[in-house]
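The values are calculated or read from the model by the stated rules, or taken from the named source; none is laboratory data. The model shown is predicted, which means the values in this text are computed figures rather than measured ones. Heads up, the Cβs are rebuilt from the backbone with ideal geometry, glycines too, and the neighbour counts pull from every protein chain shown.
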Amino acid sequence: MKSKDTLPKKIGVYKPTQYLGHGAMGNVYLCHDESLNRMVVVKQMVPSLYDQGSFVERFEREAKILAKLNHPVIVHPYALWQETNGEYSLAMEFVYGKSLRQLLDKCHQPPQWVVMELLYQIASGLSEAHRYSVTHRDVKPANIMLDKDGRVRLLDFGVAHDENDQELTEDFAQLGTASYMSPEQIRDSKNITPASDVFSLGIIACEMLLGENPFRGTSIAETFNNIQKKKIPASAFDKSISKELVAFVLRMLQKDPRKRPMATDIAEFFSKSMRKLPRDLRPYMVEWANAALNELESTFIPVPYTDKKKLSFKVGLIVGAVLATIISFAVHVI
């Protein structure tokens, strides 16, 4: 970890306050935007990669992809520039919260309503990307955040593929994270479709429902073999999980990409599955995350609307309509 004394004094117009880590193509810093008094994340490309044109192209590509995707789940870019010394930098929205990886490390099997909300939100973000022919290619718990307000966010489009822009030379041996890849991504990570993101999301769904990633092996080779050949039986899931939910998750894990649902289908399925829950689950998500990080059971949980309440509401509407009709008729008679 870099100390505050070794931080750059300035990156563009931003003042670095903390070194966050090192990615595939550069160093990542938390910076203060003094003009707007907000925190931003700045990714600065490693100078040693400048001579490799494809890395510069990919760095620029991430910014351009984020710029055209407008969805609350997807992080927003602020600026892309080249310093006078030649260094490339990208400023992005800072998401304050915890990654799904951190949460699952503490709570291996989240409550079913949490699983549904997470999958709904991620699928909603992916459907926006897929609508613009963008495949994320690295959907995994470490790239999903739950922010301090209970909103789900999808991060890191650094290896994303844009079907509308074929100019970039793909010279990476493997794109993605081994235990969350799709079968076709293992075979050829350069020529994949949005269906690959759906398979990765299916693995995350299984991990949350089963308490572990069912494809992860003791080696990359074993993991790849599991992803390509292993089929998860419905009997592996607890009986408390609805058969409809299990069947849908297993559809997401079909080896044939053509047999998987689209991200929009996933969002629609989980939206309907949560129709009895409160519309705004963010306060409940915050409470669950705080409890999970402290390895406690959350006591603040959403209470489903009962059919009895729905019936009472419908009866109330009918009675109200009848009374309004009677009153209107009486007024006209008088």
Hits in region 115-160 (condition: among the hydrophobic types (A, V, I, L, M, F, W, C), modelled with pLDDT under 95, out of contact with any strand residue (DSSP E or B) (no Cβ under 6 Å at 6 or more places or on another chain) and buried (at least 23 other Cβ atoms within 10 Å of the Cβ)): F157
Which residue pairs have Cβ atoms under 7 Å apart, sit 6 or more places apart or on different chains, and have a first residue in region 122-146 that is in contact (Cβ under 8 Å) with a residue 60 or more places away in the chain and a second that is surrounded by fewer than 24 Cβ atoms within 10 Å (Cβ to Cβ) and among the basic types (K, R)? Y132/K68; P141/R101; L146/K98
If you check F224 against the conditions, is it assigned to a helix (DSSP H, G or I), at pLDDT 95 or above, over 22 Å from Q109 (Cα atoms) and hydrophobic (A, V, I, L, M, F, W, C)? yes
How many of the residues making up region 227-256 are surrounded by fewer than 17 Cβ atoms within 10 Å (Cβ to Cβ) and either part of a loop (DSSP other than H, G, I, E, B) or among the small types (G, A, S) (or both)? 14
Restricting attention to region 195-221, the residues that are surrounded by fewer than 22 Cβ atoms within 10 Å (Cβ to Cβ) and either in a loop (DSSP other than H, G, I, E, B) or of a type in the set (V, I, T) (or both) number exactly 9
Going residue by residue through region 277-299, is there one that turns out to be among the β-branched types (V, I, T), over 19 Å from Q121 (Cβ atoms) and in a loop (DSSP other than H, G, I, E, B)? yes
Which of the residues belonging to region 1-13 are modelled with pLDDT of 85 or more and in contact with a Phe, Trp or Tyr (Cβ under 8 Å, 6 or more places away or on another chain)? L7, P8, I11, G12
Only one of L100, L66, L80 that is surrounded by 15 or more Cβ atoms within 10 Å (Cβ to Cβ) and modelled with pLDDT of 95 or more: L100
Can you find a residue in region 46-56 that is among the hydroxyl-bearing types (S, T, Y) and either in contact (Cβ under 8 Å) with a residue 60 or more places away in the chain or closer than 15 Å to D156 by Cα (or both)? yes
Contact list please: Cβ distance under 8 Å, first residue in region 74-102 and more than 12 Å from I11 (Cα to Cα), second residue surrounded by 17 or more Cβ atoms within 10 Å (Cβ to Cβ) and hydroxyl-bearing (S, T, Y), pairs at least six apart or on different chains. M92/Y78; E93/Y78
For region 53-112, the count of residues that are in a helix (DSSP H, G or I), within 27 Å of T264 (Cβ to Cβ) and in contact with a strand residue (DSSP E or B) (Cβ under 9 Å, 6 or more places away or on another chain) equals 11
For region 58-91, what are the residues that are touching a Pro at 6+ places or on another chain (Cβ under 6 Å) and over 25 Å from E117 (Cα atoms)? A63, A67
